[in-house]
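Encoded as structure tokens, the structure appears first; notes follow it.
None of the figures in this text is laboratory data; all of them are computed from the coordinates on show. Since we're looking at a predicted model, the values are computed, not measured. Methodologically, a virtual Cβ is constructed for each residue, glycine included, from the backbone with ideal geometry; neighbour enumeration extends over all protein chains shown.
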Amino acid sequence: MRPKGSPGGGRGRGGQECFLNLAMAMTLGTNLNDAHRQFLQAFLTLGFVERPEAAKLHQLYCQLHKVHYVPDKLDDFINTLNGQLQPLSLEIRKGVSEENGRTYYALVNLAETEITLMASDYSENELELFKKTMDLIVLSSNGFASSTEILNLADQLKPKKMKKVEAELVLQRLVQDKWLFEKEGEYTLHLRCVLELEQYILRHYQDSARKCHVCHSLSIQSQVCEDCGIAMHLPCLAKYFQAQREPRCPNCKQFWPHQIPDINLPGPSGLSSTPQETRRSSASPMAQRRQ
């Protein structure tokens with residue numbers, strides 16, 4: 001988990017500075033240039049960045065250090081950097097938000113994929129609440145858990161119970177640290193959390209966790225084909241069905257029985273809006289986002 005003082009959450013300020021110095025030292029003598037190093041420094045501080053902001057950083061540091069800049073080569077630039085971060089078990093990963101379809105980048109720790117990586121920031125009881133919240137979210141039909149469901153867990157925690165007002169404060173911290181995302185009193189896993197804990201979730205929820213058929217990443221909020229069982233992220237299926245004359249499963253070609261999200265997908269600028277409505281398949285009654 002990232003430093004509490006940064007948007008990504010995690011190590012304390014002193015630990016962050018030591019880690020930054022180590023990471024920067026490890027990149028010396030490699031084929032990285034100063035633009036790569038300053039880009040890495042920004043990610044070590046920010047932790048979680050939307051694509052347009054990452055693109056601006058890419059342009060800024062290339063121009064600042066007089067490095068050849070190619071506007072549409074951000075991913076190549078990051079891949080070069082990731083090749084040198086492997087000895088540190090770090091990687092700048094790309095993911096698509098299940099809320100708005102926007103692309104984000106996050107600096108993730110590949111060595112610590114267990115919930116225990118949060119132990120330095122949360123008490124044993126608080127970690128237990130997060131684990132139980134994750135259970136509710138991953139095992140739910142739509143990838144969400146209500147605040148009522150979560151707060152009802154407070155007096156079931158071990159080794160000791162937690163007051164509901166204390167649980168509310170923990171939820172606020174989990175949202176602030178980008179482990180959870182809250183929307184109208186319901187909670188799901190933040191994209192930052194999904195990118196960091198993807199392997200943990202796939203391993204511990206083998207019967208429930210699914211990968212998106214389109215992008216092959218872990219899907220928390222998804223729709224599932226009732227015929228063949230494939231799952232698709234809401235933004236992925238919205239984009240896929242935009243190009244189809246009628247909604248049919250990309251795998252088995254059967255008619256898609258769920259509501260199709262009406263998501264304004266990012267254009268060239270990378271901007272999009274949060275989905276407000278869904279269009280329904282003409283052959284189906286109202287369905288949940290995930291069956």
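Summary table
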{"item": "Net +/- balance of residues flanking PRO250 in space, Cβ distance below 15 Å, scoring K and R +1, D and E -1", "result": "+3"}
{"item": "Distance violations [Cα-Cα > 26 Å] among LYS163/LYS211; LYS131/LYS164; LYS160/LYS183", "result": "LYS163/LYS211; LYS160/LYS183"}
{"item": "Förster radius 30 Å - calculated FRET efficiency between GLN176 and LEU64, Cβ distance, rounded to 0.05", "result": "0.45"}
{"item": "Compactness of region 98-244, expressed as Rg and Dmax over alpha-carbon positions, Å", "result": "15.7, 53"}
{"item": "Rough spin-label spacing in nm, given labels placed 7 Å along Cα→Cβ, for HIS204 and LYS253", "result": "4.2"}
